[in-house]
Amino acid sequence: MKLARVVGNVTSTINTTDFEDRTLLVVDLVGPDGTPSGGYQIAVDSVGAGAGETVLLLDEGNGARQVLQAPGAPIRTVIIGIVDEVTSEVG
């Protein structure tokens, strides 16, 4: 799993039917402290995340397809949670 921050939407007028009625979001990867860690992903939203929210990503195709119940879909990354807080007990 990865942490990321939602930064935008992806809109496409022509796509595979597997993406019908699904929201695609652009997310920037972040570290546990919320600072950008470099890179971005385009993820299918399964929880209703919005711009600026920190989210949990599942970035593993088979697991993502299982979450979405879409076994043959060309999906790799799915948003599976909205993060309220990240704490560290290492120290």
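The values are calculated or read from the model by the stated rules, or taken from the named source; none is laboratory data. Note that this is a predicted model, so its numbers are computed, not measured. All Cβ positions, glycine included, derive from the backbone under ideal geometry; neighbour counts span all protein chains shown. For accessibility, only protein heavy atoms count, side chains too; no ligands or nucleic acids. Shrake-Rupley method; radii C 1.70, N 1.55, O 1.52, S 1.80 Å.
Given (1) assigned to a strand (DSSP E or B); (2) loosely packed, with under 10 Cβ neighbours inside 10 Å; (3) among the hydroxyl-bearing types (Ser, Thr, Tyr), where does SER37 come up short, assuming only one miss?
(2)
Based on this model, can you work out whether THR77 counts as in contact with a Gly (Cβ under 7 Å, 6 or more places away or on another chain), buried (at least 16 other Cβ atoms within 10 Å of the Cβ) and on the phi < 0 side of the Ramachandran plot?
Spelling it out, it is not the case that THR77 is in contact with a Gly (Cβ under 7 Å, 6 or more places away or on another chain), buried (at least 16 other Cβ atoms within 10 Å of the Cβ) and on the phi < 0 side of the Ramachandran plot.
Would the stretch 45-60 turn up any residue that is of a type in the set (Ser, Thr, Tyr) and either assigned to a loop (DSSP other than H, G, I, E, B) or open to solvent by 70 Å² or more (accessible area, probe 1.4 Å) (or both)? Spell out the reasoning first.
Restricting attention to the stretch 45-60, the residues satisfying the condition of being of a type in the set (Ser, Thr, Tyr) are 46, 54.
Still in the running and either assigned to a loop (DSSP other than H, G, I, E, B) or open to solvent by 70 Å² or more (accessible area, probe 1.4 Å) (or both): 46.
Looking for residues that are of a type in the set (Ser, Thr, Tyr) and either assigned to a loop (DSSP other than H, G, I, E, B) or open to solvent by 70 Å² or more (accessible area, probe 1.4 Å) (or both), one finds at least one in the stretch 45-60, hence yes.
Before we move on, is GLY72 part of a loop (DSSP other than H, G, I, E, B), out of contact with any strand residue (DSSP E or B) (no Cβ under 9 Å at 6 or more places or on another chain) and surrounded by fewer than 16 Cβ atoms within 10 Å (Cβ to Cβ)?
yes
Run GLY81 past the list (1) under 11 Å from the mean Cα position of the chain (by Cα); (2) in a loop (DSSP other than H, G, I, E, B) and report the number of the one that doesn't hold.
With (1) under 11 Å from the mean Cα position of the chain (by Cα); (2) in a loop (DSSP other than H, G, I, E, B) applied to GLY81, the lone miss is (2).
Between a first residue in the stretch 44-68 that is without any contact (Cβ under 8 Å) to a residue 24 or more places away in the chain and a second residue that is of a type in the set (Ser, Thr, Tyr) and in a loop (DSSP other than H, G, I, E, B), which pairs have beta carbons less than 7 Å apart while being 6 or more apart in sequence or on different chains?
Final answer for the pair search is VAL67/SER46.
Which members of the stretch 59-91 meet the condition of being closer than 19 Å to THR23 by Cβ and charged (D, E, K, R)?
Within the stretch 59-91, ASP59, ARG65, ARG76 meet the criteria.
Please state which of the following conditions GLY39 fails to meet, knowing it meets all the rest: (1) without any contact (Cβ under 8 Å) to a residue 24 or more places away in the chain; (2) over 11 Å from ALA4 (Cα atoms).
Going through the list (1) without any contact (Cβ under 8 Å) to a residue 24 or more places away in the chain; (2) over 11 Å from ALA4 (Cα atoms), GLY39 breaks only (2).
Just the residues that are open to solvent by less than 60 Å² (accessible area, probe 1.4 Å) and out of contact with any Asp or Glu (no Cβ under 9 Å at 6 or more places or on another chain), please, taken from the stretch 1-27.
At the first step, the residues of the stretch 1-27 found to be open to solvent by less than 60 Å² (accessible area, probe 1.4 Å) are 3-4, 6, 8, 10, 12, 16, 18-19, 24-27.
Of everything in the stretch 1-27, those that are open to solvent by less than 60 Å² (accessible area, probe 1.4 Å) and out of contact with any Asp or Glu (no Cβ under 9 Å at 6 or more places or on another chain) turn out to be LEU3, GLY8, VAL10, SER12, THR16, ASP18, PHE19, VAL26, VAL27.
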